[in-house]
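Report on the following structure.
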2 protein chains.
Amino acid sequence: MPGNGSARLVTDPDVIASYAHDEAQWAPYGTPAALVRAGSARDVARVVEVCARLGVPVVPRGAGTGLSGGANALDGCVLLSLEAMDGILEIDPVERLAVVQPGVVNDDLRRACAEHGLWYPPDPASSPWSTIGGNVATNAGGVCCVKYGVTRDYVLALEAVVGRGETVRLGRRTAKGVVGYDLCGLLVGSEGTLGVVTEITVRLRGARAPERTVVGYFDTLRDAGAAVASVTAAGVVPSALELVDRHCLQAVDQWRNMGLSADANVLLLGRSDAPGEAGEAEADTMVRCFEEAGATWSARSADETEAEALFAARRLAYPALERLGPVLTEDVCVPRALVPEMLARIERAGAEHDTHIANIAHAGDGNLHPLIIAPAGDDAARVRAQRAFDRIVDDAIALGGTVTGEHGVGLLKRRGLHAELDPAVVALHRAVKNALDPAGIFNPGKVFGPPT
Amino acid sequence: MPGNGSARLVTDPDVIASYAHDEAQWAPYGTPAALVRAGSARDVARVVEVCARLGVPVVPRGAGTGLSGGANALDGCVLLSLEAMDGILEIDPVERLAVVQPGVVNDDLRRACAEHGLWYPPDPASSPWSTIGGNVATNAGGVCCVKYGVTRDYVLALEAVVGRGETVRLGRRTAKGVVGYDLCGLLVGSEGTLGVVTEITVRLRGARAPERTVVGYFDTLRDAGAAVASVTAAGVVPSALELVDRHCLQAVDQWRNMGLSADANVLLLGRSDAPGEAGEAEADTMVRCFEEAGATWSARSADETEAEALFAARRLAYPALERLGPVLTEDVCVPRALVPEMLARIERAGAEHDTHIANIAHAGDGNLHPLIIAPAGDDAARVRAQRAFDRIVDDAIALGGTVTGEHGVGLLKRRGLHAELDPAVVALHRAVKNALDPAGIFNPGKVFGPPT
């Protein structure tokens, strides 16, 4: 049995320090009292029991790839690492579900499912490193979500340690079920503030048909945005519709020498996995939409190896830029038709605050990731970058969008949450938080701020 | 503007009596103090404010087609009818969403969407009468859910009156979003116990390809169940996979003279809406699975008019049986592979308790609707029917299933809920209920019993 070792308590400050924060730049983090590497759900329950008795905050974490500070340490907290609980407990090809421990890496689950002809769709760019537990905590999205939905759409059941250390099972193994409230769905995306997830049952799909890739080069973000809106208006639901700008392509080239950045200011990558003629028709429609929106070049990729390289570059954009200095990652999501307007506003925010902003985007679902760059050690640049960040958040809300599409609120988007949600809605959040976390120990202060 | 009339207070006992219960046989109901027909969200807020102040229970209701007693009156309650709030406020073909008031009838929304080339999938058999508000309250399923999911999968945002009369907006209009807890999803399926929904934003799909229908005749429920398990094991995700037995076909024939019941003891109806060759392959696979499981006859339907008639018969089965006397409807859902075993146990429950049980089922997702029939006025038969009902509930739990797949708990499945859920999980439900309904007025006592 995997993950049945006993908990390991770590007090070495150097080791603890390496666990004290996620990948969110500039999000504050404190000094934890201890780090516990849980080996089983029983370990987790024991830690929660003790912390509830002593009033010590518990901050759960997976691989630490989060981009909002949700896993950052609080002063005096216990950091509860789930990474050693990495067992795939069951894959059932008939019921099309898998049962996993929270520390399983996303790509490892996807590979294991593929061996059974099955597919676990949610595919955040962090999939080589991030864990299913972390994906559940943030309700992670990814490239294929434009057609296949996000993590919550695939979580059938959870085992979690809640309250003062009670272990509960929420959700079900059946295709449908309405017995009681959807507490399983409530825990998904709750960023560790309502309990610690110790086991996850996910729904799977059958392996899908091979994808066709459409590539478009554009001179401007606005043109690329118009192409996205045009694909949506044409009624195509692509299996991916990604945007990468020249800043990102250049950073990838500098790192991996892929020779991508010579040809376009903005690259759009569309895919269709519809089988047969329907897929042909979708790909043709995307080419036409790209051309009509002003693409300088657009074509079906004849070579899927080349297409894979382009998607690899998309996934590498964030770490490639990070190599060049601190990157503050935005995650706004706007109605699809407003993607061109939001991209224009992002350019304006960069210009007005004299800040370098690169862009990647899950453009097909309106989820944009402007990457705000400030040279390390330049405090004035950092202030300007923060202003650009806040401006983009406010613009997204003004366009009827949301401040976070898939990264979570953590610490970085708390101001945005309060700008987006009505105080009466925040009050409902606090009521739920207080009801389910009576000891006030689960990741306190994250998401909607300190309890009142 | 639709639905902007003012509330109409009804105190005529005869009118009120006709609103005092839904379609669940034998579920108790009390005598309401008043009936209010709300014309707007403001009306709803006013009713809730007054009731919260006076401590009067509020029981919201749509069309009253529920099958679990969820909308049944409590003594002294205010029945709050949302049926007059029946406006379709917006259909946005680009964002693929619709905004509706809760009283919109399911089929009316589907028709309005179809005019834009769009599709709202959830299709409970009650779709000609039931309202979207009621569908949201129970997280209604239907025929196409085996492939396309249930109501919660389509609810993007809600406006609701909660607490002591506060109107809040939950959810979003964007494709993705993770700002705060999924309180929108929490309200879906909460059966009026957490607030009153006054507006619903639903996600839509594009119109789909025409369906192919596969028909199979079987001698026994067990053979038909084996065919269902075989389709699942073959990796086919049909767009419908419905089971109807001879009792139901006979009842439909007696009512509508459709000539359906002569040929088979059990009818299986499979559909595929996959485009092109993929759909051909799925239909062929289903025919093969039906034959291998022992179908006495199995074929692709050459005539879609005939196929439509068979599905119409499926939808008419429940009202056709109801004409013949009281019908207690089960709604258990089991893992797909256990459909044959569960069907066998249902037969056994009928035999052991000397009770006539007809069967319809969303067999493809393991959601079975044994229809337990007891002649009106025969008290001994009624006791036996209740025992068969309880036995089926317990069998479903024993097989790892759930007591309700899509009808909700209401009153009839409260015992089942407590049998299925751990007390610690019920405690979480109570904590959420108490946190979000501080006045204790929203449909109290439903779902998980009287508050403690």
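The values are calculated or read from the model by the stated rules, or taken from the named source; none is laboratory data. Treat the numbers as computed from the prediction; the structure is a model and nothing was measured. Counting neighbours? That spans all protein chains shown, and the Cβs are built from the backbone with ideal geometry, glycine included. Heavy atoms of the whole protein, side chains included, go into the accessibility calculation; ligands, DNA and RNA do not. Shrake-Rupley method; radii C 1.70, N 1.55, O 1.52, S 1.80 Å.
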Seminar exercise, completed: The computed P(r) of segment B:263-303 puts the percent of Cα pairs beyond 15 Å at 42
Exercise. What area, in nm² and to one decimal, does the C-alpha convex hull of segment A:88-206 cast on average over all directions?
Worked result: 7.0
For this session: Would you kindly work out, in nm and rounded to one decimal, the distances from the label point of A:A380 to those of the same position in each other copy, ordered shortest first, with label points 7 Å along Cα-to-Cβ?
Result: 9.7
For this session: Provide, for q = 0.19, 0.23 Å⁻¹, the log10 of I(q)/I(0) from a solvent-free Debye sum over equal Cα point scatterers in segment A:210-320.
Result: -0.91, -1.25
For this session: Taking the Cα centre of the protein assembly as shown as origin, work out the dipole magnitude from +1 charges on Lys and Arg Cβ and -1 charges on Asp and Glu Cβ, in debye rounded to 20.
Result: 2160
For this session: Can you run the Rg to Rh ratio on chain A? Use alpha carbon positions and the Kirkwood inverse-distance Rh.
Result: 0.97
Problem set entry | For the protein assembly as shown, with +1 on Lys and Arg beta carbons and -1 on Asp and Glu, the positive-most of A:A313, A:V432, B:V100 along the dipole | A:V432
For this session: For B:W26, put the label point 7 Å out on the Cα→Cβ axis and report which residues of segment B:358-387 keep their amide N under 19 Å from it.
Result: B:358-360, B:368-387
Exercise. In chain B, with Lys and Arg counted as +1 and Asp and Glu as -1 at Cβ, which of these residues, B:G276, B:M342, B:L9, has the Cα nearest the positive end of the dipole, that is, farthest along it?
Worked result: B:L9
Seminar exercise, completed: Probe 1.4 Å, protein heavy atoms only: B and A together bury a total accessible area in Å², to the nearest 100, of 5400
For this session: Between copies, how far apart are the A:T296 label points? List them in nm, one decimal, shortest first, with each point 7 Å from Cα toward Cβ, please?
Result: 7.1
Problem set entry | Those lysines that a straight Cα-Cα span of less than 28 Å connects to A:K176, excepting residues fewer than 8 apart in one chain | A:K147, A:K433, B:K147, B:K176, B:K413, B:K433, B:K446
For this session: Write down Rg/Rh for the protein assembly as shown, rounded to two decimals, with Rg from the C-alpha atoms and Rh from the Kirkwood relation over Cα pairs.
Result: 0.96
For this session: Kindly provide the Kirkwood hydrodynamic radius of segment A:325-411 in Å, to one decimal, from all pairs of distinct alpha carbon atoms.
Result: 12.7
Seminar exercise, completed: With a 1.4 angstrom probe the carbon and sulfur portion of accessible area for chain B, in percent, totals 50
For this session: Could you tell me how many degrees, from 0 to 90 and to the nearest 10, lie between the Cα long axis of helix B:221-233 and the main elongation axis, the longest principal axis, of the Cα atoms of chain B?
Result: 80
Exercise. Taking θ as phi - 60°, what are the ³J(HN,Hα) couplings along segment A:34-46 by the Karplus curve (6.51, -1.76, 1.60), each to the nearest whole Hz, with x for Gly and Pro?
Worked result: 7, 10, 10, 9, 6, x, 7, 4, 5, 4, 4, 4, 5
Exercise. How crowded by other chains is B:327-336, given as the mean number of beta carbons from other chains within 10 Å of each beta carbon?
Worked result: 3
Exercise. Quick one: putting +1 on the C-beta of Lys and Arg, -1 on the C-beta of Asp and Glu, what dipole do you get for chain A around its Cα centre, in Debye to the nearest 20?
Worked result: 1300
Exercise. What are the label-to-label distances in nm, one decimal and shortest first, from B:T220 to the same spot in the other copies, with labels 7 Å along Cα to Cβ?
Worked result: 7.2
Exercise. Roughly how many nanometres apart are two label points built 7 Å out from the Cα toward the Cβ at B:A312 and A:A309?
Worked result: 5.9
Exercise. How much accessible area per residue does the protein assembly as shown have, in Å², with a 1.4 Å probe?
Worked result: 35
For this session: Averaging sequence separations of C-alpha pairs under 8 Å and six or more residues apart, then dividing by the length of segment B:267-407, give the relative contact order as a whole percent.
Result: 24
For this session: With an 8 Å cut-off on Cα pairs and a minimum separation of 6 or more residues, tell me the relative contact order of chain A in percent.
Result: 16
For this session: Apply 1/(1 + (r/R0)^6) to the Cβ-Cβ distance of B:R387 and A:D422, taking R0 = 41 Å, and write down the FRET efficiency to the nearest 0.05.
Result: 0.25
Exercise. With each pseudo-label sitting 7 Å past Cα toward Cβ, what's the A:R348-B:D12 distance in nm, one decimal?
Worked result: 5.8
Exercise. So how tilted is helix B:246-256 from the main axis of chain B? Cα-based, degrees 0 to 90, rounded to 10.
Worked result: 70
For this session: Compute the relative contact order of segment B:325-411 as a whole-number percentage, counting only Cα pairs closer than 8 Å that sit 6 or more residues apart in sequence.
Result: 41
